[in-house]
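**Q** I'd like to ask some things about the structure below.
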Amino acid sequence: MSTQTIEQEIQAGTYAVDPVHSTINFAVVHNGVSTFRSGFRAYEAKFEGGERPRLEGTVDVASIDIDEEMLKGRLLSPEFFDAERHPRLKFASTGFDVAEDGALKLRGELEIRGVEHEVEAGGRIAQLGTDLGGSARVGLSLEAAVDRRSFGLDWQAELPGGGEVLDYRVEIAVELELVREAE
């Protein structure tokens, strides 16, 4: 599969996230028997198209989408995200590789709890000429996996019959629809 530069795919300009048509989610195996899934409700993302494409974003940790207050409180505590000291997750891309069919490899720095690590996500990129309102749109679908211990998310408990409560591997799924800002 041949690759081409992102600037051939996406016209230059700044694109802002459309939060109605975007999601940032995660999944982790719980008790070894099921997958716990959740996401975040408040986030920002900007994509710069053109010669030096770049994707940057932040997530408000306190916006974690969990209705059960005790669990939400625990995840926001110093045992997990430590939201009081680290209220945002951050991402800044360092590279894009796009295949002719839109397959995408995205590299960048992910920061959780003040700790940065390079991550690589796979997915696809799609461009719509213009939407019904005349605005250019870009879609990014990305998936990555991280070891939560790399970011200081070390909490663990042993189950009575053996095994661990939470897997260390966390799957991240991001669906972004971005709209070109007026110049």
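The values are calculated or read from the model by the stated rules, or taken from the named source; none is laboratory data. Source: prediction; values computed, not measured. Ideal geometry is used to build each Cβ from the backbone, glycine not excepted, and the neighbour counts take in all protein chains shown. The area values use the complete protein model at the heavy-atom level, side chains included, leaving out ligands, DNA and RNA. Shrake-Rupley method; radii C 1.70, N 1.55, O 1.52, S 1.80 Å.
**Q** When the distances between all Cα atoms of region 83-183 are binned every 10 Å from zero, what whole-number percent does each bin get?
**A** 13, 33, 29, 17, 6, 2, 0
**Q** Run the numbers for ALA182 and TRP155: contour at 0.36 nm per residue of separation, minus the present Cα-Cα distance, in nm.
**A** 5.2 nm
**Q** Then there is this: Probe 1.4 Å, all protein chains in place: accessible area of VAL170 in Å², nearest 10?
**A** Accessible area of VAL170: about 20 Å².
**Q** So if each residue of separation counts as 0.36 nm, and I subtract the Cα-Cα distance between GLU100 and GLU79, what length gain in nm does that give?
**A** 3.2 nm
**Q** Let me ask you something else. With a probe of 1.4 Å, find how much accessible area the chain has per residue, and write the answer as a whole number in Å².
**A** 56
**Q** Here's another thing I want to ask about it. Size of the dipole of region 30-74 about the Cα centre, Lys and Arg at +1 and Asp and Glu at -1 on the beta carbon, nothing else charged, in debye to 20?
**A** The calculated dipole for region 30-74 is roughly 140 debye.
**Q** How large is ³J(HN,Hα), in whole Hz, for each residue of region 44-54 in order, when computed from phi with the Karplus curve 6.51 cos²θ - 1.76 cosθ + 1.60 and θ = phi - 60°, using x for Gly and Pro?
**A** 3J(HN,Hα) across region 44-54, in whole Hz: 10, 8, 10, 10, 9, x, x, 5, 10, x, 8.
**Q** Over the chain, with a Gaussian network built from C-alpha contacts below 10 Å, which listed residue (GLY161, GLY73, GLY57) shows the highest mean-square fluctuation?
**A** Result for the chain, Cα springs under 10 Å: GLY161 fluctuates most.
**Q** Same structure again: On the protein heavy atoms, probe 1.4 angstrom, tell me the percent of accessible surface of region 107-183 carried by carbon and sulfur.
**A** It is 49 percent, rounded to a whole number.
**Q** For region 176-183, take each phi angle, set θ = phi - 60°, evaluate the Karplus expression 6.51 cos²θ - 1.76 cosθ + 1.60, and give the result in whole Hz per residue in order, putting x for glycine and proline.
**A** Listing the rounded values in order: 10, 10, 10, 10, 5, 6, 5, 8 Hz.
**Q** Also, quick follow-up: For every helix of n ≥ 4 consecutive DSSP H residues, a contribution of -39,500 (n - 2.57) applies; sum these over the chain, divide by its total residues, and give [θ] at 222 nm rounded to the nearest 500 deg cm²/dmol.
**A** Theoretical 222 nm ellipticity from helices: -1500 deg cm²/dmol.
**Q** Further question: State the extension gain, in nm to one decimal, for the chain segment bounded by ARG37 and ASN25, taking 0.36 nm per residue of separation less the distance between their alpha-carbons.
**A** Stretched out fully, the ARG37 to ASN25 stretch lengthens by 3.6 nm.
**Q** Another question, then. Charges only on Cβ, +1 for Lys and Arg, -1 for Asp and Glu: so what's the dipole of the chain about the Cα centre, in debye to the nearest 20?
**A** 120
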